[in-house]
Every structure is written in C-alpha cells, then in structure tokens.
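Below is one structure; the comments refer to it alone.
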Amino acid sequence: MTDELLTLRTVATYQFGPGAGAALVPPGVSVTHTSSGRPRQLHSEAGRLATYGTDGRFTLGVTGGRRLQTALGRPRYRVVVGDESRPYVADGRNAFAKFVCEVDPAIRPGDEVLVEHEGGDLVAVGRARLSGSGMGSFGTGVAVAVREGVGDESSADRA
C-alpha cells in the first residue's frame, strides 16, 4: 500500500474511528487527484466511496456509507428515521429533527453521518446540522443536510 493510501486510511480512522480506514480505503481503491496532485475522489468497483476535501475531511458517498455502516458498530455516526420520512430522505431531501427516532449522542454539528431507516437499511449520507442530543430533543429544524440518498428502492414493493 502506498504512503498516500496509508495517509488516507489514517485520516478516515481519525474522522470516524477504528475500522473506518479499512472500510473507506480498501485494497484496490482508485484515487483521482486534482490538477495540483492532491487526492480528491476515492472509488471502488461499486461506486464513489468518499471525497477528500480541502479541509482534510472526508465527505461520504452512498457506497462509502454502506461500507462504514458495516464497519462501525451501531449507533456510531447514525441518525435513524422512520417510515414517514424514509422516501423523502432516500430521494435526497434533508432529514428533519422531528422525524429522528434514534441518534448517536456523540454526533456534533458538521459531522458526516449515515441516515438509516429504523429497520437498519441505509437511506442517505450527509452532514449533521445539529448535535446528536439536539436531534433527539428538537421538534423542528434540519437534523441532517442530505448529500446523497439511495433512491426510493422500496417503491417497487409498494406498487
């Protein structure tokens, strides 16, 4: 493994905790670079894992979110929503605090998070706008600014 990949693994582990580095920077990961040579996108055969930002932090893609969901124990970095908001969040709309069923209390505003359905399926990935305790206690406001939803995969089952 190259020094660059080891550094990216270290950043992922620092940002998300133990197990995240191996999940987001697996063997065989493809890294695209900016014109200045800085790492930018991490891709696997399944899709975009994450983007490495200029702030030195990762922003998740759905593929990376699924890998983190498997690697991190529940409730780490998770915001759980119910049936009522699932189709909207899966379509890429924001998750509102009043629809949050469970949340990792350690989430801070600005953290990258996984939005899950209460059944355990990944619904979206995005950036927390409220703290974990705020999401659980506020009745209004955006809890997670969703970056990418998985699409409403369950709509075919309901039709």
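Annotations for the structure displayed:
- All positions within segment 33-55 that are open to solvent by less than 60 Å² (accessible area, probe 1.4 Å) and either out of contact with any Gly (no Cβ under 9 Å at 6 or more places or on another chain) or assigned to a helix (DSSP H, G or I) (or both): THR34, GLY37, PRO39, TYR52, GLY53
- Answer from ALA46, ALA50, ALA90 - the residue that is at pLDDT below 95 and among the aliphatic types (A, V, I, L, M): ALA46
- Applying a threshold of 9 Å to beta carbon distances and a minimum spacing of six or more residues, or different chains, the list of pairs starting in segment 43-58 at a residue that is touching a residue at least 40 places away in the same chain (Cβ under 8 Å) and ending at one that is part of a loop (DSSP other than H, G, I, E, B) reads TYR52/ARG38; ARG57/GLY110.
- The set of residues from segment 14-32 being open to solvent by 10 Å² or more (accessible area, probe 1.4 Å) and farther than 13 Å from TYR77 by Cβ comprises TYR14, ALA22, PRO26, PRO27, GLY28, VAL29, SER30, VAL31, THR32.
- Counted residues, segment 111-154 - those being farther than 19 Å from ARG74 by Cα and in a strand (DSSP E or B): 6
- Residue in segment 15-30 that is in a loop (DSSP other than H, G, I, E, B), within 17 Å of VAL144 (Cα to Cα) and in contact (Cβ under 8 Å) with a residue 12 or more places away in the chain present: no
- Screening segment 112-144 for residues that are of a type in the set (D, E, K, R) and under 9 Å from the mean Cα position of the chain (by Cα) and picking the one that is most open to solvent (accessible area, probe 1.4 Å) gives ARG127.
- One residue stands out in segment 60-110 among those that are in a strand (DSSP E or B) and open to solvent by 30 Å² or more (accessible area, probe 1.4 Å): the one that is nearest to PRO27 (Cα to Cα), namely VAL103.
- Segment 145-159: number of residues that are open to solvent by 60 Å² or more (accessible area, probe 1.4 Å) and modelled with pLDDT under 90: 5
- Matching residues in segment 125-136 - criterion: being farther than 16 Å from SER85 by Cα, touching a residue at least 40 places away in the same chain (Cβ under 8 Å) and touching a helix residue (DSSP H, G or I) at 6+ places or on another chain (Cβ under 9 Å): ALA128
The values are calculated or read from the model by the stated rules, or taken from the named source; none is laboratory data. Predicted model, so just to flag it, every value in this text is computed and none were measured. Heads up, the Cβs are rebuilt from the backbone with ideal geometry, glycines too, and the neighbour counts pull from every protein chain shown. Just the protein is used for accessible areas: all its heavy atoms, side chains included, with ligands, DNA and RNA removed. Shrake-Rupley method; radii C 1.70, N 1.55, O 1.52, S 1.80 Å.
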